[in-house]
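Reviewing the structure listed below.
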Amino acid sequence: SSTVAVILVAAGSGTRLGHAEPKAFVPLGESTILGVALDAVLGMHETPHVVVVAPADRVAEVQVRFAEVAAAASAPFDVVPGGASRQDSVEAGLAVLPRLVDTVLVHDAARPLTPSLVFDEVAAAVRSRGHGIVPGLPVVDTIKRIEGGHVVSTVDRSVLAAVQTPQGFPREDLDDAFASADPTFEYTDDAAIAAAAGFTVDLVPGDARGFKITVPEDLRRAEQHLGVAPH
Ligand code: CTP
Ligand code: MG
(Lines give C-alpha, C1' and ligand atoms only; values in the text may rest on other atoms or scores of the structure.)
(Ligands and ions follow the chains in the order given, each with its own letter.)
Protein backbone atom coordinates (compact mmCIF):
# COMPACT_ATOMS: atom_id res chain seq x y z
CA SER A 1 0.00 0.00 0.00
CA SER A 2 1.03 3.60 -0.49
CA THR A 3 0.46 6.68 1.52
CA VAL A 4 0.44 10.44 1.46
CA ALA A 5 2.67 12.48 3.78
CA VAL A 6 2.27 16.09 4.80
CA ILE A 7 5.40 17.99 5.82
CA LEU A 8 4.11 20.87 7.93
CA VAL A 9 6.89 23.44 8.11
CA ALA A 10 6.72 25.42 11.34
CA ALA A 11 10.36 26.15 12.15
CA GLY A 12 10.42 29.82 11.17
CA SER A 13 10.81 32.61 13.69
CA GLY A 14 8.06 34.92 12.40
CA THR A 15 10.20 38.04 12.29
CA ARG A 16 7.62 40.05 10.35
CA LEU A 17 4.79 39.05 12.72
CA GLY A 18 6.94 40.39 15.54
CA HIS A 19 5.50 38.22 18.35
CA ALA A 20 7.54 37.02 21.33
CA GLU A 21 6.88 33.38 20.29
CA PRO A 22 7.93 31.81 17.00
CA LYS A 23 5.02 32.27 14.56
CA ALA A 24 3.64 28.70 14.71
CA PHE A 25 3.23 29.03 18.51
CA VAL A 26 1.28 32.27 18.44
CA PRO A 27 -2.28 31.86 19.84
CA LEU A 28 -5.08 31.55 17.26
CA GLY A 29 -8.66 30.82 18.33
CA GLU A 30 -8.57 28.22 21.08
CA SER A 31 -5.26 26.86 19.86
CA THR A 32 -2.14 28.12 18.10
CA ILE A 33 -1.35 28.78 14.44
CA LEU A 34 0.30 25.33 14.33
CA GLY A 35 -2.63 23.68 16.14
CA VAL A 36 -5.17 25.09 13.68
CA ALA A 37 -2.99 24.10 10.71
CA LEU A 38 -2.58 20.57 12.08
CA ASP A 39 -6.36 20.19 12.46
CA ALA A 40 -6.78 21.03 8.75
CA VAL A 41 -4.15 18.43 7.83
CA LEU A 42 -5.79 15.77 10.02
CA GLY A 43 -9.14 16.60 8.37
CA MET A 44 -7.95 15.05 5.10
CA HIS A 45 -10.05 12.28 3.61
CA GLU A 46 -7.03 9.96 3.38
CA THR A 47 -5.15 9.63 6.68
CA PRO A 48 -1.75 11.27 6.11
CA HIS A 49 1.63 10.57 7.65
CA VAL A 50 2.37 13.91 9.33
CA VAL A 51 5.81 15.40 9.89
CA VAL A 52 5.92 18.68 11.79
CA VAL A 53 9.18 20.58 11.33
CA ALA A 54 9.63 22.72 14.44
CA PRO A 55 12.27 25.03 15.92
CA ALA A 56 14.93 22.77 17.49
CA ASP A 57 14.13 23.95 21.03
CA ARG A 58 10.37 23.28 20.60
CA VAL A 59 10.46 19.72 19.17
CA ALA A 60 9.71 17.95 22.46
CA GLU A 61 6.89 20.36 23.27
CA VAL A 62 5.23 19.81 19.87
CA GLN A 63 5.51 16.04 20.30
CA VAL A 64 3.87 16.16 23.73
CA ARG A 65 1.19 18.66 22.77
CA PHE A 66 0.01 17.12 19.47
CA ALA A 67 0.82 13.38 19.58
CA GLU A 68 -2.64 12.64 20.98
CA VAL A 69 -4.61 14.56 18.33
CA ALA A 70 -2.63 12.79 15.62
CA ALA A 71 -3.21 9.41 17.28
CA ALA A 72 -6.93 10.15 17.58
CA ALA A 73 -6.95 10.59 13.77
CA SER A 74 -4.82 7.40 13.40
CA ALA A 75 -2.15 9.51 11.69
CA PRO A 76 1.51 8.53 12.08
CA PHE A 77 3.19 11.60 13.56
CA ASP A 78 6.81 12.75 13.68
CA VAL A 79 8.38 15.98 14.86
CA VAL A 80 11.83 17.00 13.65
CA PRO A 81 13.99 20.10 14.09
CA GLY A 82 14.10 22.55 11.18
CA GLY A 83 16.98 24.43 9.62
CA ALA A 84 18.08 27.97 8.92
CA SER A 85 16.04 28.30 5.72
CA ARG A 86 12.60 27.02 4.77
CA GLN A 87 14.34 24.82 2.21
CA ASP A 88 16.50 23.25 4.95
CA SER A 89 13.36 22.65 7.01
CA VAL A 90 11.56 20.87 4.16
CA GLU A 91 14.67 18.75 3.61
CA ALA A 92 14.67 17.76 7.30
CA GLY A 93 11.08 16.57 6.91
CA LEU A 94 11.80 14.66 3.71
CA ALA A 95 14.67 12.87 5.44
CA VAL A 96 12.38 11.04 7.90
CA LEU A 97 9.62 9.88 5.52
CA PRO A 98 9.06 6.13 5.56
CA ARG A 99 9.45 4.13 2.34
CA LEU A 100 5.74 3.58 1.77
CA VAL A 101 5.11 7.30 1.24
CA ASP A 102 4.58 7.92 -2.50
CA THR A 103 3.03 11.41 -2.45
CA VAL A 104 4.36 14.36 -0.45
CA LEU A 105 2.53 17.58 0.34
CA VAL A 106 4.54 20.46 1.78
CA HIS A 107 2.49 22.99 3.73
CA ASP A 108 3.26 26.22 5.58
CA ALA A 109 1.96 26.14 9.15
CA ALA A 110 1.61 29.90 8.56
CA ARG A 111 -1.46 29.11 6.34
CA PRO A 112 -3.63 27.61 9.11
CA LEU A 113 -7.04 28.24 7.52
CA THR A 114 -6.40 26.28 4.34
CA PRO A 115 -9.40 23.91 4.01
CA SER A 116 -8.76 20.15 4.28
CA LEU A 117 -10.36 19.80 0.84
CA VAL A 118 -7.42 21.65 -0.76
CA PHE A 119 -5.06 18.99 0.65
CA ASP A 120 -7.32 16.25 -0.74
CA GLU A 121 -7.46 17.91 -4.16
CA VAL A 122 -3.71 18.49 -4.38
CA ALA A 123 -2.97 14.87 -3.37
CA ALA A 124 -5.53 13.54 -5.88
CA ALA A 125 -4.08 15.70 -8.68
CA VAL A 126 -0.50 14.55 -7.93
CA ARG A 127 -1.65 10.94 -8.25
CA SER A 128 -3.82 11.35 -11.34
CA ARG A 129 -1.35 13.52 -13.27
CA GLY A 130 1.91 12.07 -11.93
CA HIS A 131 3.64 15.40 -11.37
CA GLY A 132 3.90 18.43 -9.12
CA ILE A 133 0.79 20.42 -8.18
CA VAL A 134 0.47 23.92 -6.70
CA PRO A 135 -2.77 25.61 -5.63
CA GLY A 136 -3.05 29.19 -6.81
CA LEU A 137 -5.41 32.09 -7.27
CA PRO A 138 -5.78 34.60 -10.09
CA VAL A 139 -3.96 37.89 -9.54
CA VAL A 140 -6.64 40.54 -9.00
CA ASP A 141 -4.50 43.67 -8.76
CA THR A 142 -3.23 45.50 -11.81
CA ILE A 143 0.49 44.73 -11.96
CA LYS A 144 2.94 47.26 -13.40
CA ARG A 145 6.50 46.76 -14.58
CA ILE A 146 8.65 49.50 -13.02
CA GLU A 147 12.01 50.83 -14.19
CA GLY A 148 13.81 53.62 -12.36
CA GLY A 149 10.64 54.59 -10.52
CA HIS A 150 8.66 54.93 -13.75
CA VAL A 151 5.75 52.76 -14.81
CA VAL A 152 6.85 51.21 -18.10
CA SER A 153 4.04 48.75 -18.82
CA THR A 154 1.08 46.81 -17.49
CA VAL A 155 1.78 43.09 -17.03
CA ASP A 156 -0.78 40.70 -18.54
CA ARG A 157 -2.19 39.25 -15.33
CA SER A 158 -4.08 36.48 -17.16
CA VAL A 159 -0.77 34.59 -17.33
CA LEU A 160 -0.03 35.06 -13.59
CA ALA A 161 -1.10 33.15 -10.47
CA ALA A 162 -0.52 33.83 -6.77
CA VAL A 163 0.50 30.42 -5.45
CA GLN A 164 -0.12 28.91 -2.04
CA THR A 165 0.58 25.67 -0.20
CA PRO A 166 0.07 22.70 0.17
CA GLN A 167 2.28 21.97 -2.84
CA GLY A 168 2.27 18.30 -3.75
CA PHE A 169 4.77 16.09 -5.57
CA PRO A 170 5.48 12.47 -6.38
CA ARG A 171 7.84 11.53 -3.56
CA GLU A 172 10.68 10.40 -5.87
CA ASP A 173 10.59 13.66 -7.82
CA LEU A 174 10.76 15.82 -4.70
CA ASP A 175 13.64 13.73 -3.30
CA ASP A 176 15.51 14.11 -6.63
CA ALA A 177 14.76 17.83 -6.84
CA PHE A 178 16.07 18.54 -3.33
CA ALA A 179 19.15 16.36 -3.96
CA SER A 180 20.03 18.44 -7.03
CA ALA A 181 18.99 21.87 -5.65
CA ASP A 182 21.60 24.63 -5.56
CA PRO A 183 22.31 25.10 -1.82
CA THR A 184 23.33 28.73 -2.35
CA PHE A 185 20.19 29.76 -4.29
CA GLU A 186 17.11 30.96 -2.39
CA TYR A 187 14.14 29.26 -4.01
CA THR A 188 10.86 30.89 -3.02
CA ASP A 189 8.88 27.66 -2.90
CA ASP A 190 9.09 23.90 -3.40
CA ALA A 191 7.65 24.13 -6.92
CA ALA A 192 10.64 26.30 -7.88
CA ILE A 193 12.99 23.54 -6.67
CA ALA A 194 11.03 20.92 -8.63
CA ALA A 195 10.94 23.10 -11.75
CA ALA A 196 14.70 23.80 -11.52
CA ALA A 197 15.25 20.02 -11.59
CA GLY A 198 13.15 19.78 -14.75
CA PHE A 199 9.91 18.45 -13.29
CA THR A 200 6.53 19.61 -14.57
CA VAL A 201 4.34 21.49 -12.09
CA ASP A 202 0.61 22.16 -12.68
CA LEU A 203 -1.73 24.69 -11.13
CA VAL A 204 -5.04 23.78 -9.46
CA PRO A 205 -7.50 26.26 -7.92
CA GLY A 206 -6.42 27.53 -4.52
CA ASP A 207 -8.68 28.93 -1.81
CA ALA A 208 -8.82 32.45 -0.37
CA ARG A 209 -8.61 30.91 3.12
CA GLY A 210 -5.13 29.67 2.23
CA PHE A 211 -3.61 33.11 2.83
CA LYS A 212 -0.34 33.23 4.74
CA ILE A 213 -0.07 34.90 8.13
CA THR A 214 2.94 37.14 7.64
CA VAL A 215 2.26 40.46 9.41
CA PRO A 216 0.01 41.37 12.41
CA GLU A 217 -2.87 42.39 10.12
CA ASP A 218 -2.95 38.82 8.72
CA LEU A 219 -3.34 37.41 12.24
CA ARG A 220 -6.33 39.69 12.86
CA ARG A 221 -7.81 38.52 9.54
CA ALA A 222 -7.40 34.88 10.60
CA GLU A 223 -9.09 35.60 13.94
CA GLN A 224 -11.98 37.24 12.09
CA HIS A 225 -12.34 34.18 9.83
CA LEU A 226 -12.53 31.99 12.93
CA GLY A 227 -15.06 34.31 14.51
CA VAL A 228 -13.06 34.69 17.69
CA ALA A 229 -12.09 37.72 19.67
CA PRO A 230 -8.58 38.94 18.89
CA HIS A 231 -5.92 38.16 21.49
N1 CTP B 1 9.84 27.98 7.87
C2 CTP B 1 10.55 26.90 8.38
N3 CTP B 1 11.90 27.00 8.58
C4 CTP B 1 12.56 28.13 8.30
C5 CTP B 1 11.84 29.25 7.78
C6 CTP B 1 10.47 29.14 7.57
O7 CTP B 1 9.96 25.85 8.67
N8 CTP B 1 13.87 28.20 8.53
C9 CTP B 1 8.39 27.88 7.71
C10 CTP B 1 7.63 28.85 8.60
O11 CTP B 1 7.50 28.31 9.91
C12 CTP B 1 6.33 29.06 7.86
C13 CTP B 1 6.70 28.80 6.41
O14 CTP B 1 8.00 28.22 6.39
O15 CTP B 1 5.32 28.15 8.27
C16 CTP B 1 6.65 30.07 5.57
O17 CTP B 1 7.66 30.97 6.01
P18 CTP B 1 7.40 32.46 6.50
O19 CTP B 1 6.00 32.85 6.33
O20 CTP B 1 8.50 33.30 5.90
O21 CTP B 1 7.62 32.31 8.10
P22 CTP B 1 8.84 32.83 8.97
O23 CTP B 1 10.12 32.58 8.24
O24 CTP B 1 8.68 32.25 10.32
O25 CTP B 1 8.53 34.39 9.05
P26 CTP B 1 9.53 35.62 8.78
O27 CTP B 1 10.08 35.40 7.37
O28 CTP B 1 8.68 36.83 8.92
O29 CTP B 1 10.61 35.51 9.82
MG1 MG C 1 10.55 33.55 6.36
Checklist entry - What are the residue pairs meeting all of these: first residue in the range 168-188, first residue without any contact (Cβ under 8 Å) to a residue 24 or more places away in the chain and on the phi < 0 side of the Ramachandran plot, second residue part of a helix (DSSP H, G or I) and β-branched (Val, Ile, Thr), Cβ atoms under 6 Å, and 6 or more apart or on different chains? => result Ala177/Ile193
Checklist entry - strands (runs of 3 or more DSSP E) wholly in the range 121-208 with at least 3 residues that are surrounded by 12 or more Cβ atoms within 10 Å (Cβ to Cβ) - which ones? => result 132-138, 161-163, 167-170, 201-205
Next on the checklist: So, in the range 73-116, how many residues would count as being part of a helix (DSSP H, G or I) and in contact (Cβ under 8 Å) with a residue 24 or more places away in the chain?
Outcome noted: 9
Checklist entry - Restricting the search to the range 45-90, which residues are of a type in the set (Gly, Ala, Ser) and either crowded, with 20+ Cβ neighbours inside 10 Å or closer than 22 Å to Gly168 by Cα (or both)? => result Ala54, Ala70, Ala73, Ser74, Ala75, Gly82, Gly83, Ser85, Ser89
Checklist outcome for this item: Given (1) out of contact with any Leu (no Cβ under 8 Å at 6 or more places or on another chain); (2) in contact (Cβ under 8 Å) with a residue 24 or more places away in the chain; (3) more than 13 Å from ligand 1 (Cβ to nearest atom); (4) of a type outside the set (Gly, Ala, Ser), Val64 misses just (2)
Checklist entry - Do we have Leu17 as within 10 Å of ligand 1 (Cβ to nearest atom), outside any helix (DSSP H, G or I) and surrounded by 14 or more Cβ atoms within 10 Å (Cβ to Cβ) here? => result yes
Item to check | When residues of the range 80-99 are limited to those that are within 16 Å of ligand 2 (Cβ to nearest atom) and charged (D, E, K, R), the one farthest from Gly14 (Cα to Cα) | outcome: Glu91
Checklist entry - Filter the range 20-34 for residues that are away from ligand 2 (no atom under 16 Å from the Cβ) and either free of Cβ contacts under 8 Å to residues at least 60 places away in the same chain or charged (D, E, K, R) (or both); which is surrounded by the most Cβ atoms within 10 Å (Cβ to Cβ)? => result Thr32
Checklist entry - Pick from Val69, Val50, Val62: which is within 24 Å of Asp189 (Cα to Cα), away from ligand 2 (no atom under 16 Å from the Cβ), modelled with pLDDT of 95 or more and not charged (D, E, K, R)? => result Val50
Checklist entry - Hey, any hits in the range 109-121 for a residue that's farther than 16 Å from Asp202 by Cβ, hydroxyl-bearing (Ser, Thr, Tyr) and modelled with pLDDT of 95 or more? => result yes
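The values are calculated or read from the model by the stated rules, or taken from the named source; none is laboratory data. Since this is a predicted model, take the numbers as computed values, not measurements. Note that we place each Cβ from the backbone using ideal geometry, even for glycine, and neighbour counts take in every protein chain shown.
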